[in-house]
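Asks: If you scroll down you'll find the structure; I have some questions about it.
The values are calculated or read from the model by the stated rules, or taken from the named source; none is laboratory data. Source: prediction; values computed, not measured. A quick note on method: Cβ atoms are made from the backbone with ideal geometry, for glycine too, and the neighbour counts reach across all protein chains shown.
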Amino acid sequence: MLTVPSVAMALAARLKTGGIIVNEHTLTREETRHHVDVLHRHFDFIHLDDLAERLNSPKKRPFCLLTFDDGKRSNATVTAPELERLGVPAVFFVVTDFLGTQTALWFDRYRLLQTGLPELPAGLSPRVIKQLPHGLLSERVEAACSRHGIVADLNNEDVAAMTWDQARDLHRRGFTIGAHGATHAIMTRETRAAAFENIASSIARVGPPP
């Protein structure tokens, strides 16, 4: 079973005020229950809207803000229903060009290359890949997958994207939907203008906070 990060528990032993933000990607129902059970022993789970107030309330019990990155379908079909049953709020940060598509994020396809080939193609080593701007990175990964017949399994809900309707439904049910960039580019490898455009377009599609 996936364990709650030890750093969170170390912080829990020290914190008398403030709190932590725990970032996840995908969790099964069992993993979700385990995380909530362990974290709730030390922290109050809070909604994003309550963060500023809790930061300014030093006498309250330490808090935990639970977040999930990317917008995988299992966030909507598996994790969120379990959190809802447990009464735990969360933020789902979504990659906006990914939602509603029939494709996988670049790093899921790259992982398939890593596990499916005896040796990575030239120009796709782990050292090189994270030095590339998103356009070139995606081009190389896509070309390698096509050349070797590697296709992501979009029946796997930890790989496939949730739909925009699912994201809107999560919002209606009290969860927060946030922007996680348009493409999941490595922003430090983009030009300043491209990085700001990527971020701004993602925020625009999600909508600004109230």
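Asks: Scan Ala144, Ala122, Ala167 and give me the residue that is touching a helix residue (DSSP H, G or I) at 6+ places or on another chain (Cβ under 8 Å), free of Cβ contacts under 8 Å to residues at least 40 places away in the same chain and either assigned to a helix (DSSP H, G or I) or not charged (D, E, K, R) (or both). Let's see the steps before the verdict.
Replies: Values: Ala122 fails: touching a helix residue (DSSP H, G or I) at 6+ places or on another chain (Cβ under 8 Å); Ala167 fails: free of Cβ contacts under 8 Å to residues at least 40 places away in the same chain.
Going through Ala144, Ala122, Ala167 in turn, just one is touching a helix residue (DSSP H, G or I) at 6+ places or on another chain (Cβ under 8 Å), free of Cβ contacts under 8 Å to residues at least 40 places away in the same chain and either assigned to a helix (DSSP H, G or I) or not charged (D, E, K, R) (or both): Ala144.
Here is a yes/no grid of residues against (1) closer than 24 Å to Ile186 by Cα; (2) of a type in the set (Val, Ile, Thr); (3) in the same structural domain as Gly178 (by TED's automatic domain parsing); (4) touching a Phe, Trp or Tyr at 6+ places or on another chain (Cβ under 7 Å):
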{"position": "Arg85", "(1), (2), (3), (4)": "no, no, yes, no"}
{"position": "Val88", "(1), (2), (3), (4)": "no, yes, yes, yes"}
{"position": "Thr96", "(1), (2), (3), (4)": "yes, yes, yes, no"}
{"position": "Leu112", "(1), (2), (3), (4)": "yes, no, no, no"}
{"position": "Pro121", "(1), (2), (3), (4)": "yes, no, no, no"}
{"position": "Asn155", "(1), (2), (3), (4)": "no, no, no, no"}
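Asks: What do you reckon, is Glu190 more than 19 Å from the chain's Cα centre (by Cα) and buried (at least 16 other Cβ atoms within 10 Å of the Cβ)? It would help to see each step written out before you state the result.
Replies: Working: more than 19 Å from the chain's Cα centre (by Cα): yes; buried (at least 16 other Cβ atoms within 10 Å of the Cβ): yes.
The answer is yes for Glu190.
Asks: So, in the range 94-106, exactly how many residues are more than 14 Å from Leu154 (Cα to Cα) and either surrounded by fewer than 20 Cβ atoms within 10 Å (Cβ to Cβ) or in contact with a Ser or Thr (Cβ under 6 Å, 6 or more places away or on another chain) (or both)? Before the answer, list the steps.
Replies: Taking the range 94-106 as the starting set, the residues that turn out to be more than 14 Å from Leu154 (Cα to Cα) are 94-97.
Still in the list and also either surrounded by fewer than 20 Cβ atoms within 10 Å (Cβ to Cβ) or in contact with a Ser or Thr (Cβ under 6 Å, 6 or more places away or on another chain) (or both): 96-97.
So the answer is 2.
Asks: Which of the numbered conditions does Pro89 fail, given that it passes all the others? Conditions: (1) surrounded by fewer than 20 Cβ atoms within 10 Å (Cβ to Cβ); (2) assigned to a strand (DSSP E or B).
Replies: Here Pro89 clears every test but (2).
Asks: Let me ask something else. State whether one or more residues within the range 189-206 are farther than 30 Å from Pro81 by Cα, at pLDDT 95 or above, of a type in the set (Phe, Trp, Tyr) and assigned to a helix (DSSP H, G or I).
Replies: yes
Asks: Surrounded by 12 or more Cβ atoms within 10 Å (Cβ to Cβ), under 26 Å from Thr67 (Cβ atoms) and outside the structural domain of Phe68 (by TED's automatic domain parsing), is that true of Ile129?
Replies: Numbers: surrounded by 12 or more Cβ atoms within 10 Å (Cβ to Cβ): yes; under 26 Å from Thr67 (Cβ atoms): yes; outside the structural domain of Phe68 (by TED's automatic domain parsing): yes.
The answer is yes for Ile129.
Asks: So which residues in the range 45-78 are of a type in the set (S, T, N, Q) and either assigned to a strand (DSSP E or B) or within 26 Å of Ala161 (Cβ to Cβ) (or both)?
Replies: Going through the range 45-78, the residues of a type in the set (S, T, N, Q) turn out to be 56-57, 67, 74-75, 77.
Of everything in the range 45-78, those that are of a type in the set (S, T, N, Q) and either assigned to a strand (DSSP E or B) or within 26 Å of Ala161 (Cβ to Cβ) (or both) turn out to be Thr67, Ser74, Asn75, Thr77.
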